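*Asks:* Let me begin by handing over the structure; questions about it come next.
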Amino acid sequence: FGEIIRYLTVEELHQFFDSIDNYSHKLMFEIIYELGCRVGEFVKIEVKHVNFSRSTVFFPAENTKTKHARISYLPKGLTNEIKSMLKQKGLMNKLGDRVRMPEAYLFHPGRRRNAPYTENRIRQIFQNYIHKTGLQQVYGKDTLGRDLKMFTVHSLRHSHIMSYVVDKAVP
């Protein structure tokens with residue numbers, strides 16, 4: 001592979017999440033981190049993909065890079081945050097957990113529930129907050145002379161995996 005695995009340490013993750021002042025943005029990045037998903041998979045999550053009773057998210061094969069369907073788990077608290085957000089937006093009944101618009105994207109810009117965020121918009125939002133923390137570093141240039149940034153949204157996926165590896169490695 002030859003590439004550096006770019007991930008945020010636990011302390012850097014805390015700094016990053018603490019810098020996010022927009023509730024929806026914070027929830028988005030917490031979900032990306034906890035699911036360990038790719039940004040392209042995240043933007044395609046629809047309300048119907050979330051199983052609230054099991055605290056899982058289903059990724060259909062057509063929404064994954066590998067074209068293999070999978071299920072990822074969320075902490076119960078984060079699942080409850082998603083429920084609260086959906087109830088606030090009117091996508092879920094206030095009493096009970098009946099979903100009103102299963103085809104709506106979990107996160108969408110403005111009121112356009114049938115249009116997801118673009119991957120680039122999520123990347124821009126991420127870069128805004130990572131710069132705000134002062135954590136961003138440039139580690140080289142690409143073939144076109146553009147800066148290669150140490151942290152990208154994909155770093156949250158690497159951070160998720162590294163936290164799992166570290167937790168399993170410590171007896």
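*Asks:* So is residue 122 of a type in the set (Val, Ile, Thr), touching a strand residue (DSSP E or B) at 6+ places or on another chain (Cβ under 7 Å) and under 19 Å from residue 157 (Cβ atoms) or not?
*Replies:* no
*Asks:* Follow-up question, since we're still on this one. Cβ-Cβ below 7 Å, separation at least six or inter-chain, first residue in the stretch 81-93 and within 9 Å of residue 47 (Cβ to Cβ), second part of a helix (DSSP H, G or I) and open to solvent by less than 30 Å² (accessible area, probe 1.4 Å): which pairs?
*Replies:* Close Cβ pairs satisfying both conditions: 86/47; 91/47; 92/86.
*Asks:* Can you tell me which residues in the stretch 88-107 are surrounded by fewer than 16 Cβ atoms within 10 Å (Cβ to Cβ) and of a type outside the set (A, V, I, L, M)?
*Replies:* 88, 90, 93, 94, 96, 97, 98, 100, 102, 103
*Asks:* Related question: Being in a loop (DSSP other than H, G, I, E, B), farther than 19 Å from residue 104 by Cβ and charged (D, E, K, R) narrows it down to one residue among 65, 26; which is it?
*Replies:* Unique residue meeting the criteria: 65.
*Asks:* Keeping to the stretch 13-23, report how many residues are part of a helix (DSSP H, G or I) and touching a helix residue (DSSP H, G or I) at 6+ places or on another chain (Cβ under 9 Å).
*Replies:* Qualifying residue count for the region: 7.
*Asks:* Any idea which residue in the stretch 13-54 is least open to solvent (accessible area, probe 1.4 Å), counting only those that are in contact (Cβ under 8 Å) with a residue 60 or more places away in the chain and basic (Lys, Arg)?
*Replies:* The residue in question is 38.
*Asks:* Can you tell me which residues in the stretch 125-151 are touching a strand residue (DSSP E or B) at 6+ places or on another chain (Cβ under 9 Å), closer than 23 Å to residue 16 by Cβ and in a loop (DSSP other than H, G, I, E, B)?
*Replies:* Within the stretch 125-151, 136, 137, 150 qualify.
*Asks:* Considering each of 57, 10 in turn, give the residue that is under 20 Å from residue 75 (Cβ atoms), surrounded by fewer than 20 Cβ atoms within 10 Å (Cβ to Cβ) and touching a helix residue (DSSP H, G or I) at 6+ places or on another chain (Cβ under 8 Å).
*Replies:* Answer to the selection: 10.
*Asks:* Tally time: how many residues in the stretch 129-147 are under 24 Å from the mean Cα position of the chain (by Cα) and of a type in the set (D, E, K, R)?
*Replies:* Residues meeting the conditions: 2.
*Asks:* Search the stretch 64-87 for residues being over 17 Å from residue 24 (Cα atoms) and open to solvent by less than 30 Å² (accessible area, probe 1.4 Å), and hand back the single one that is farthest from the chain's Cα centre (by Cα).
*Replies:* Among residues in the stretch 64-87 that are over 17 Å from residue 24 (Cα atoms) and open to solvent by less than 30 Å² (accessible area, probe 1.4 Å), the one farthest from the chain's Cα centre (by Cα) is 64.
The values are calculated or read from the model by the stated rules, or taken from the named source; none is laboratory data. Since the model is a prediction, treat every value here as computed from it, not as a measurement. Note: ideal-geometry Cβ built from the backbone for every residue, glycine included; neighbour counts use all protein chains shown. The area values use the complete protein model at the heavy-atom level, side chains included, leaving out ligands, DNA and RNA. Shrake-Rupley method; radii C 1.70, N 1.55, O 1.52, S 1.80 Å.
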